[in-house]
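To keep things clear, I will list the structure first and then write my remarks on it.
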Amino acid sequence: MRTPGRLIAVLAAAVLATAVAGAQTVSQHEEIAVFDLSYQRWGVPWSALGAIDDQIRSVFVNLGRFDVIGMAYQLDTEDVQGFIDAITSFREQNLEIPESVQMGREYLTQADVTRLVAGFVVVIPSVTDYRRDWADDGWKVDIRTSFAFIDVAEGRTFAQFSIDTSGKDVNEDKAVREAIDAIPLRLTFEVRRIDRFTLRTGILEVHGGEVVIELGSRMGVKPGDEYLVLSPRILSSGKEVVTEKGLIVVRRVEEEVSYATVVYAHGRLEPGEQLKELPRVGLETEVYGRGMAVGTWIDTNPFCLGVRMTVARGFQAFRPFVGIELPFNLTNYVDGLPVNAFLGAEYGFGVARLRLAPFVELGAGLEVKFAEGEIPVVRNYGGAAGIQASWLLSRDFKLAGELGWAGWENVDRSTYLRYSGVFAGAGIVVKY
């Protein structure tokens, strides 16, 4: 027979567990002030500084989860602690703010300091390394951009990271531009990885294998985004633990809500369950082998190894991809290395961990020579069409198989470089 004390403890634990389950967290817009880019002593071209500033601000605006405040000031990384100390002093000591306040080499106006003291997040970007060198075949530009995130209300730096990007071109300006254009993708991913900025939301409705979730385009949710279903529970000791109950992928986005497909779940999903964004760059890379089951090329079944990269974030059913493959059947008939480069698209559908995706791809077969001054030569052209079936092994890996038809025609109609037939292939897909 249970004692009254044990019964009370069980009831208390049940009530606490119910309270935790109902305490759903939903992310809100957060005010964030982005300072101008600091470049310290590096000889960065003025045009590059302005372009980097524009790219950085566009990232925070396009993420959707911020109300972005522009601050036309620069602070070096060594000025960060002084900035924190000054703002903290004004807040804690209730000091009268003068008409201008020196922060590092900058003087902030009274109005801007007053806004900062009111409290929000400040982002201080800085170029901490800039290198330009002439290589054998063009300019190579390397840029390291560092970011510090400061919680003004608490007076502390809660996140810091650096992004390394590079560009290469015979034209120096184009090399710089290439390095700058690589910043948004990396910065978007790094910001979404900061726990404070990772979106949290909940399930509103459940309809079989699909769910409606709170938050939509106004908070920057995109098709292809993935969310973990979290299951909190209370141990008998009273300690709360959170486990992953499932994974969903966003299929369609509206302004305030989104519709997602359940990839897998341990147990039945219910309205009110907590979701947490699983940040990814938004790409999937597959390494595959493909062989022709029926070939029409000098009694040989051609075989190739390839790499295909698919864009996942911003897309869900229809997804574009690029790829290259090495057709081993051609290695003895060209002087250099034969490489097929192609563009393509797929349209996928499926249930749970299984995804079926018809696809098409078109490309050119190149002869790549490694001698100095040699450029790739187009030897043939063609493509493939088929269907891919993939199975999610874990959050980050899939096993894929495919069946289809491929055909390649030589530019000068050489017999040895023409081939076509039915193919089958298999590969492993990495999600990141």
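The values are calculated or read from the model by the stated rules, or taken from the named source; none is laboratory data. Everything numeric in this text was worked out from a predicted model, so none of it was measured. Positions of Cβ are generated from backbone atoms using ideal geometry, with glycine treated the same way; all protein chains shown enter the neighbour counts.
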Discussion item. Can you say whether Tyr381 is among the hydroxyl-bearing types (Ser, Thr, Tyr) and touching a helix residue (DSSP H, G or I) at 6+ places or on another chain (Cβ under 7 Å), as far as the supplied structure shows?
Written reply: no
Worksheet entry | Number of the exception - Gly104 against (1) at pLDDT 70 or above; (2) surrounded by 13 or more Cβ atoms within 10 Å (Cβ to Cβ) | (1)
Discussion item. Quick check on my filter: what residues within segment 146-174 are over 28 Å from Phe197 (Cβ atoms) and either surrounded by fewer than 14 Cβ atoms within 10 Å (Cβ to Cβ) or touching a helix residue (DSSP H, G or I) at 6+ places or on another chain (Cβ under 9 Å) (or both)?
Written reply: Lys168, Asp169, Val170, Asn171, Asp173
Worksheet, complete the sentence: Checked Ala389, Ala426 against criteria (under 18 Å from Val307 (Cβ atoms), surrounded by fewer than 18 Cβ atoms within 10 Å (Cβ to Cβ) and aliphatic (A, V, I, L, M)); the one match is Ala426
Worksheet item: Of the residues Phe158, Phe189, which is within 22 Å of Gly282 (Cα to Cα) and aromatic (Phe, Trp, Tyr)?
Response: Phe189
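Yes/no per residue for (1) loosely packed, with under 12 Cβ neighbours inside 10 Å; (2) assigned to a helix (DSSP H, G or I); (3) out of contact with any Ser or Thr (no Cβ under 7 Å at 6 or more places or on another chain); (4) modelled with pLDDT of 75 or more:
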{"residue": "Ser27", "(1), (2), (3), (4)": "no, no, no, yes"}
{"residue": "Ile32", "(1), (2), (3), (4)": "no, no, yes, yes"}
{"residue": "Arg41", "(1), (2), (3), (4)": "yes, no, yes, no"}
{"residue": "Leu49", "(1), (2), (3), (4)": "no, yes, yes, yes"}
{"residue": "Ile56", "(1), (2), (3), (4)": "no, yes, yes, yes"}
{"residue": "Val59", "(1), (2), (3), (4)": "no, yes, no, yes"}
{"residue": "Asp67", "(1), (2), (3), (4)": "no, no, yes, yes"}
Response to the item:
From the option list Val176, Val170, Val141, Val211, single residue qualifying as over 20 Å from Phe35 (Cα atoms) and not assigned by TED's automatic domain parsing to the domain that holds Phe66 is Val211
Worksheet item: Hey, among Ala345, Ala357, Ala352, which residue is on the phi > 0 side of the Ramachandran plot and either of a type in the set (Lys, Arg) or under 23 Å from the mean Cα position of the chain (by Cα) (or both)?
Response: Ala352
Practice prompt. Any chance you could count how many residues in segment 197-239 are part of a loop (DSSP other than H, G, I, E, B) and either among the basic types (Lys, Arg) or on the phi > 0 side of the Ramachandran plot (or both)?
Written response: 7
Discussion item. Just checking, does segment 80-88 include any residue being at pLDDT below 90, on the phi < 0 side of the Ramachandran plot, touching a Gly at 6+ places or on another chain (Cβ under 9 Å) and of a type in the set (D, E, K, R)?
Written reply: yes
Worksheet item: Can you list the strands (runs of 3 or more DSSP E) found entirely within segment 300-406 that contain at least 3 residues being assigned by TED's automatic domain parsing to the domain that holds Arg290 and at pLDDT 95 or above?
Response: 303-311, 318-327, 337-347, 354-368, 377-392
Worksheet item: Hey, does segment 229-244 have a residue that's under 23 Å from Gly348 (Cβ atoms) and either surrounded by 13 or more Cβ atoms within 10 Å (Cβ to Cβ) or in contact with a Leu (Cβ under 8 Å, 6 or more places away or on another chain) (or both)?
Response: yes
